Amino acid sequence: MRKLRFLGAAQEVTGSCYLLENAGKKILLDCGIHQGGDAIERITKEQFKFYPNEIDAVIVSHAHLDHSGLLPKLVHEGYKGPIYCTTGTQHLLKILLEDAVSIYLRDLEHENIRRERAGKKTMTEEYNLDDVTATLRLCQGLDYEKPRTLLENLTLTFHDAGHILGSSIVELQVRDGADEKTLVFSGDLGNPDASLMRPFKFIDKADVVLMESTYGDRNHRCFSETLDEFRAILKQAELDGGNILIPSFAVGRTQELLFHLGQFYHEGLLDHWHVFLDSPMGKAVTDVYSLYLQDLDNEDVAQIRAKHGDSLASFLPNLTISESVEESMAINNIKKGAIIIAGSGMCTGGRIRHHFKHRLWLANTHIVFVGFQANGTLGRILVDGLKHVKMFGQQIIIKAQIHTLGGFSAHAGQKDLLNWAAHFSNQPRFYLVHGETKTMDILCDALATEHHIKAEIPAQMSAIQF
């Protein structure tokens, strides 16, 4: 019998991690970090519920840090085996993991200076750049739809999840002697209405399915209506003589925003606006997306190529990419007409917080949230309507106008999750992961009502056998 243990993203959205034990081998599905708190707090709190040197292989569904962010710590603590992912994920991991360790070590240095001044014991680094380099060496990039035999008793196939570049649905044929079972992990399923990515794949058969449920309680707004709302925000912000701040993940969301802002530009809607991508990582990721245009949606790529060849950035002529700190700071001098895209997407760190410091208290500032905001994050606090926030040691009143554009979500909505689940021709055991408890309860009811699928909601550290 095979055992699967739920170590993360069980009755919560982030921290994806599952441990599969089969035929004396241990395989980790994802090794993600939890969102919320600062970089030091997040890393320090994360403690593995297993011995890293006992893991035989790691499979990563995609590059987002809540699915991959603890890989360097895993290596730091003794893991030396292969890390399997798609080739697109392999390219993105270098960017995301190097950025994450840079932020962590910088914050750790500042914290230890404060501790030394106060006569307190300093903190030891949980991992470093050498661990990131070692992690990247262990990565093996695989193509979609190309089965690969691992550890003699496993066959791995990646299918396009349509979430971000390289995102995958993980299909594992797991053999124990003559007995074979199929485990399918959805990873993060993409929003079919979103741009640039191709639609997620459907899987025909499985014995056990782990399905994400981030938006399992609701459907996204019609995307054409979302774009109309975005146009209205542009118009209102222009009338207000203000600026627009868009917290955005550097991977996926930023590239989709650039694509649609490019469309707005060619519609003549950005004549009085200048777009700033204030994110060195966002630039690096956008460059990777441009290299992988052949893996993106054919119609969207045709639009890009019809205007400016093979570059996402050149599709938006009034785009300025701010890489240095000085260039970022200079944006704060602009009184109106700036659309500022910066990370992080949930406002847990990054340059967006500095832009908030300078503009949250201005009534003509418009903040546009284009993605999910997890509990405990600054983004969630702002969406929930808090009137004051403490940032950089000072209280800031929130007068900015807050908008949420749910249609931009890179996650599947409820109807898309139901369609994906209903496609299995047999009756696999369903387990809902990557969601808040209330959301998963609603999705459970919908699965049972609409498709007679009985799904379970596993708790942290629970285990199943199959």
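Count, please, the residues in segment 103-128 that happen to be of a type outside the set (A, V, I, L, M) and either in contact (Cβ under 8 Å) with a residue 12 or more places away in the chain or not assigned by TED's automatic domain parsing to the domain that holds D38 (or both).
Number satisfying all stated conditions: 7.
Within segment 248-258, is there a residue that is of a type in the set (K, R), closer than 19 Å to I367 by Cα and in contact (Cβ under 8 Å) with a residue 60 or more places away in the chain?
Among the residues of segment 248-258, at least one is of a type in the set (K, R), closer than 19 Å to I367 by Cα and in contact (Cβ under 8 Å) with a residue 60 or more places away in the chain, which makes the answer yes.
Give D204, D188 a once-over and let me know the one that is surrounded by fewer than 22 Cβ atoms within 10 Å (Cβ to Cβ) and touching a residue at least 40 places away in the same chain (Cβ under 8 Å).
D204
Say whether the condition of being within 20 Å of E12 (Cα to Cα) and not assigned by TED's automatic domain parsing to the domain that holds T14 is met by at least one residue in segment 353-362.
No, segment 353-362 has no match at all.
Per-residue answers, yes or no, for (1) outside the structural domain of G379 (by TED's automatic domain parsing); (2) within 15 Å of Y127 (Cβ to Cβ); (3) surrounded by 24 or more Cβ atoms within 10 Å (Cβ to Cβ):
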site: G24; (1), (2), (3): yes, no, no
site: I33; (1), (2), (3): yes, yes, yes
site: R42; (1), (2), (3): yes, yes, no
site: P52; (1), (2), (3): yes, yes, no
site: I59; (1), (2), (3): yes, no, yes
site: G69; (1), (2), (3): yes, yes, yes
site: P72; (1), (2), (3): yes, yes, yes
site: E77; (1), (2), (3): yes, yes, no
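Output the residue which, of all residues in segment 285-319 that are under 15 Å from S195 (Cα atoms) and in contact with a strand residue (DSSP E or B) (Cβ under 9 Å, 6 or more places away or on another chain), is surrounded by the most Cβ atoms within 10 Å (Cβ to Cβ).
T286
If I go through segment 1-12 residue by residue, how many of them are in contact with a helix residue (DSSP H, G or I) (Cβ under 9 Å, 6 or more places away or on another chain) and surrounded by 24 or more Cβ atoms within 10 Å (Cβ to Cβ)?
2
Residue check: is M346 out of contact with any Asp or Glu (no Cβ under 9 Å at 6 or more places or on another chain), in a loop (DSSP other than H, G, I, E, B), over 23 Å from L239 (Cα atoms) and aliphatic (A, V, I, L, M)?
Yes: the conditions hold for M346.
Working carefully through the options D278, D271, D300, find the one that is more than 18 Å from the chain's Cα centre (by Cα) and under 19 Å from G349 (Cα atoms).
D278
In segment 209-242, how many residues are surrounded by fewer than 21 Cβ atoms within 10 Å (Cβ to Cβ) and either more than 21 Å from G190 (Cα to Cα) or among the charged types (D, E, K, R) (or both)?
Final tally of qualifying residues: 16.
What about T449, is it without any contact (Cβ under 8 Å) to a residue 24 or more places away in the chain, hydroxyl-bearing (S, T, Y) and out of contact with any strand residue (DSSP E or B) (no Cβ under 7 Å at 6 or more places or on another chain)?
It is true that T449 is without any contact (Cβ under 8 Å) to a residue 24 or more places away in the chain, hydroxyl-bearing (S, T, Y) and out of contact with any strand residue (DSSP E or B) (no Cβ under 7 Å at 6 or more places or on another chain).
Which residue is farthest from the chain's Cα centre (by Cα), if the candidates are limited to segment 159-212 and must be among the basic types (K, R) and within 28 Å of G24 (Cα to Cα)?
R175
Among the candidates I367, I381, I397, which residue alone is buried (at least 22 other Cβ atoms within 10 Å of the Cβ), on the phi < 0 side of the Ramachandran plot and not assigned by TED's automatic domain parsing to the domain that holds Q11?
The conditions single out I367.
Among the residues in segment 418-436, are any among the acidic types (D, E) and surrounded by 19 or more Cβ atoms within 10 Å (Cβ to Cβ)?
No, because not a single residue in segment 418-436 is among the acidic types (D, E) and surrounded by 19 or more Cβ atoms within 10 Å (Cβ to Cβ).
Residues in segment 128-151: is at least one part of a loop (DSSP other than H, G, I, E, B), crowded, with 19+ Cβ neighbours inside 10 Å and in contact with a helix residue (DSSP H, G or I) (Cβ under 7 Å, 6 or more places away or on another chain)?
no
Before we move on, is V101 within 24 Å of the chain's Cα centre (by Cα) and farther than 25 Å from V170 by Cα?
yes
Which residue out of D287, D271, D278 is modelled with pLDDT of 90 or more, among the acidic types (D, E) and either within 16 Å of G88 (Cβ to Cβ) or assigned by TED's automatic domain parsing to the domain that holds H91 (or both)?
Result of the check over D287, D271, D278: D287.
The values are calculated or read from the model by the stated rules, or taken from the named source; none is laboratory data. If you're wondering where the values come from, they're calculated on a predicted model, not measured in any experiment. A quick note on method: Cβ atoms are made from the backbone with ideal geometry, for glycine too, and the neighbour counts reach across all protein chains shown.
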